[in-house]
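Have a look at the structure below, then the notes.
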C-alpha cells in the first residue's frame, strides 16, 4: 500500500530527502508526496518543479495542507526553532512524523514531543543518517562479536575547515549543535551504552571565521565505565580527518581503528614475551545487513517499516533524545566549566 506524505520545509535540505525518495525504488513505490509546505511558497513550488511533483498540494499553512491531503506521514525538514510546532501539528493530524536532526531546539521541547507522540499513538523518529553508513555498522558488529573484548573506551577526532558561509557562521555552539551530534549518536550506537555525564571545553580558536564555538573537546562517561572522548574543530586548516571522524575503540582484549573512510585495522594482544607483547590482526566483518548502509534512504526505509509493523524504529524520538541530551549537556558544561550529569 502506498502511503501519502507531506513535506514541510522545502529548502536545500529537502532536496536531499527527495533524492533519497526518488532514487530508491522501494521508497519511490511505497511513498507518494502529496503535499509541500514552506513559509515561502516559491520555494515549495521550486521543489515541486525540480522533482516533478505536479499533483502535490503546495501551500504555506501546514494544517491546511494536512487537512486537504489526508497525509499519513509528515516529513519535517524545518529549522530547529520551528520543529516543535510542526511535529505537534503532524501528530495532531494523525501523521507519523520523521524529523531532521536535531529533534528539538531544547531538551524541554524534546521531552514534550516524546510525550505527544506517545499520546497520539504515532511514530516520531529523527534522521540520524550518519549511523546508517557501512563503517559505523561494521564497528558496531565488531563490538557485538566480542572480538576486542569488553569495550572500555571510544575516542574520536574530527578536524576540518569548511567555509560554509550563511547561517552556520553566525551560530552559537556551531560545532556541538550542527555537527557533533552525528559523532555523539554514532558513539552511543556503536557502544550500546547510556551517556551519564560530560565535561566539555568549547573555544573559538584564533583565525576562526565562525562567530562562536568552532572547536570542542568533550569527555563523556558512559554506563559500564566506558569513556568516550571527542576532539573536534571546524576551523582546522591543513590535513583533514573524515567527515565521519577518525575512531579508536579500545577493548579489554584489543583495539579497532577506523579512519572514517575505507581503512579499518583491528588487532588483539599477541603472545610475545617482554614489556610489549605485540599484536595479532583480526578481521573486521562486513555489516550484517547491507540495506542499512545507505544513509538517508536507510533511515526512511526503517521509518516506513516501523509504520507498517508498529515496532519502534532505530531512531525513535524516545531514544534519540539521549543523543540530544549529550549535545546540550556538553554545551552546559562548556558554559559553566563544570561536569554535567546527562538526564532525559
**Prompt:** Got a sec? Which of 70, 94 is in contact with a helix residue (DSSP H, G or I) (Cβ under 9 Å, 6 or more places away or on another chain), at positive phi, touching a residue at least 12 places away in the same chain (Cβ under 8 Å) and surrounded by fewer than 23 Cβ atoms within 10 Å (Cβ to Cβ)?
**Reply:** 94
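If you check 307, 284, 344, which single one turns out to be within 30 Å of residue 83 (Cα to Cα), modelled with pLDDT under 95 and either out of contact with any helix residue (DSSP H, G or I) (no Cβ under 8 Å at 6 or more places or on another chain) or assigned to a loop (DSSP other than H, G, I, E, B) (or both)? Quick ask: steps written out before the conclusion?
Values: 307 fails: modelled with pLDDT under 95; 284 fails: within 30 Å of residue 83 (Cα to Cα).
Of 307, 284, 344, the one residue that is within 30 Å of residue 83 (Cα to Cα), modelled with pLDDT under 95 and either out of contact with any helix residue (DSSP H, G or I) (no Cβ under 8 Å at 6 or more places or on another chain) or assigned to a loop (DSSP other than H, G, I, E, B) (or both) is 344.
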**Prompt:** From 206, 236, which residue is free of Cβ contacts under 8 Å to residues at least 24 places away in the same chain and over 20 Å from the mean Cα position of the chain (by Cα)?
**Reply:** 206
**Test: residue 163 is more than 23 Å from residue 325 (Cβ to Cβ) and either outside any loop (DSSP other than H, G, I, E, B) or out of contact with any strand residue (DSSP E or B) (no Cβ under 7 Å at 6 or more places or on another chain) (or both)** = yes
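Quickly run through region 1-18 and pick out the residues that are free of Cβ contacts under 8 Å to residues at least 60 places away in the same chain and under 16 Å from residue 48 (Cβ atoms). Quick ask: steps written out before the conclusion?
The initial filter retains those residues of region 1-18 that are free of Cβ contacts under 8 Å to residues at least 60 places away in the same chain, namely 1-2, 12, 15, 18.
Residues satisfying the conditions are 12, 15, 18.
So if I check each of 120, 85, 56, 125, which one is under 28 Å from residue 331 (Cβ atoms) and touching a helix residue (DSSP H, G or I) at 6+ places or on another chain (Cβ under 7 Å)?
125
The values are calculated or read from the model by the stated rules, or taken from the named source; none is laboratory data. Every value quoted in this text rests on a predicted model; they were computed, and no experiment measured them. Using ideal geometry, Cβ is built from the backbone for each residue, glycine included, and neighbour counts are taken over all protein chains shown.
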